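Report on the following structure.
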Amino acid sequence: MPDASPEPPLRTHPLLEVEHLSCHFPIRGLFGRRTGSVRAVDDVSFSVASGEALGIVGETGSGKSTLGKMLGGIIDPTEGAITFAGERLPSLRARRPFAVRARLQYAYQDSAASLDPRWTLRRSLHEPLIIHTNWPRERRDAKISEIVSAVGLADEHLDLYPYELSGGQQRRIGLARTLVLEPQVVIFDEPTSGLDVSVQATVLALVRDLHRTFKLTYLLISHDLNVVGSMCDRVAVMQKGRIVEVGPTNEVFAAPRHPYTRSLLASLPRIGGPRVTDRLVLPKEPTSSLGGDKRRD
Ligand SMILES: Nc1ncnc2c1ncn2[C@@H]1O[C@H](COP(=O)(O)OP(=O)(O)O)[C@@H](O)[C@H]1O
Ligand SMILES: [Mg+2]
């Protein structure tokens, strides 16, 4: 009998691949003498497929933002490699080709803070296109209109200044500014921090819509497991600079293998009924993430 099973699918490159990435910040003592280092990110490896939504969770200080900034080329890694669409990237953004900078973007915790208060929103949205493309004004206008409507705002908003918008509207413009360059991958760093609960839900729904409409691949950094649970196919759990567990979100949440993941889940408030994780005890801190002789928290 001939084998009737179909050909195995062709292996495609993951869109983003991270290998043994580390970032160690020096700790300086008296007279600037180096007394040790903080292993903010320590030997992290993972990959992200095109169209995937990967959550990165962990407590404050676990290295999430440092990881995101290295991917975005804002911080130089101490070690390791980042491969994007099959090409190994120079670590620093300034050395990355323009096209890559547009396609792989880190969106700051408070993306609205990157808006210049002296500029109208129109000017803030034109600026990245002027820097990254040679599009004529009409084409830029058309793109900006498209994105502004995709984030649920009207063209009339474009003549306003940032201070004339509500917090939620500022986030939308922050998102628009990231998306206007048609990125393939966006790293959203705590996109809902500091927002009212109702506005948080709107911003998250918006990100999900963009994911569907533009096939946007994203990494969502959050200390909030509820947010990641509702937004991400896969989740990576960070503790002290390391990824301690990674897998499909529903599997990791239903049956966490690492004690740290269990303790994170145990801290989630549940409405109604006892928490499944009530009986869990916080694990003792396994090892220090510090390479030197001083702790820095
Ligand atoms: N520029 C920096 N210089 C020195 N230490 C830093 C710097 N940025 C972050 N750190 C340290 O690295 C660790 C991880 O920080 P961060 O990536 O911001 O964590 P998270 O985003 O998970 O809260 C923390 O201990 C923090 O104090
Ligand atoms: Mg952070």
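The values are calculated or read from the model by the stated rules, or taken from the named source; none is laboratory data. Quick caveat, the model's predicted, so the values are computed rather than measured. Every residue, glycine as well, gets a Cβ built from its backbone with ideal geometry; the counts of neighbours run over all protein chains shown. To get the accessible areas, we keep the full protein, side chains included, count just its heavy atoms, and leave off ligands, DNA and RNA. Shrake-Rupley method; radii C 1.70, N 1.55, O 1.52, S 1.80 Å.
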Legend entry - Number of the exception - ARG118 against (1) under 18 Å from ARG177 (Cβ atoms); (2) crowded, with 19+ Cβ neighbours inside 10 Å: (2)
Inset, instruction - Output yes when any residue across segment 190-209 is of a type in the set (S, T, N, Q), within 16 Å of ligand 1 (Cβ to nearest atom) and part of a strand (DSSP E or B), and no when none is. - result: no
Inset, instruction - Filter segment 190-215 down to residues that are surrounded by 15 or more Cβ atoms within 10 Å (Cβ to Cβ) and within 16 Å of ligand 2 (Cβ to nearest atom) and give me whichever is modelled with the highest pLDDT. - result: GLU190
Inset, instruction - Go through segment 100-113 and count every residue that is modelled with pLDDT under 75 and either open to solvent by less than 30 Å² (accessible area, probe 1.4 Å) or among the hydroxyl-bearing types (Ser, Thr, Tyr) (or both). - result: 2
Inset, instruction - Quick one: ARG123 ticks every box in (1) assigned to a helix (DSSP H, G or I); (2) at pLDDT 90 or above; (3) away from ligand 1 (no atom under 16 Å from the Cβ); (4) open to solvent by less than 50 Å² (accessible area, probe 1.4 Å) except a single one, so which number is it? - result: (4)
Inset, instruction - Any chance you could count how many residues in segment 172-189 are of a type in the set (Asp, Glu) and open to solvent by 20 Å² or more (accessible area, probe 1.4 Å)? - result: 1
Inset, instruction - Exactly one condition in (1) open to solvent by less than 70 Å² (accessible area, probe 1.4 Å); (2) more than 16 Å from ligand 2 (Cβ to nearest atom); (3) part of a loop (DSSP other than H, G, I, E, B) is not met by SER50; state its number. - result: (1)
Inset, instruction - From (1) away from ligand 1 (no atom under 11 Å from the Cβ); (2) touching a Phe, Trp or Tyr at 6+ places or on another chain (Cβ under 7 Å), pick out the condition that doesn't hold for GLY36. - result: (2)
Legend entry - Members of segment 134-151 that are within 15 Å of THR178 (Cβ to Cβ), touching a helix residue (DSSP H, G or I) at 6+ places or on another chain (Cβ under 8 Å) and without any contact (Cβ under 8 Å) to a residue 60 or more places away in the chain: LYS143, ILE144, ILE147, VAL148, VAL151
Inset, instruction - Answer yes or no: is there a residue in segment 170-187 that is assigned to a strand (DSSP E or B), in contact with a Ser or Thr (Cβ under 8 Å, 6 or more places away or on another chain) and not aromatic (Phe, Trp, Tyr). - result: yes
Legend entry - Answer residue from segment 55-99, given it is more than 8 Å from ligand 1 (Cβ to nearest atom), of a type in the set (A, V, I, L, M) and under 30 Å from HIS258 (Cα atoms) and is surrounded by the most Cβ atoms within 10 Å (Cβ to Cβ) among those: ILE56
Legend entry - Unmet criterion (only one of (1) surrounded by fewer than 18 Cβ atoms within 10 Å (Cβ to Cβ); (2) in a helix (DSSP H, G or I); (3) under 27 Å from the mean Cα position of the chain (by Cα)) for ARG139: (3)
Legend entry - Criterion violated by MET238 - all others in (1) part of a strand (DSSP E or B); (2) of a type in the set (A, V, I, L, M); (3) free of Cβ contacts under 8 Å to residues at least 40 places away in the same chain satisfied: (3)
Legend entry - Unmet requirement for ARG33, which otherwise passes all of (1) modelled with pLDDT under 85; (2) over 15 Å from the mean Cα position of the chain (by Cα); (3) within 16 Å of ligand 2 (Cβ to nearest atom): (3)
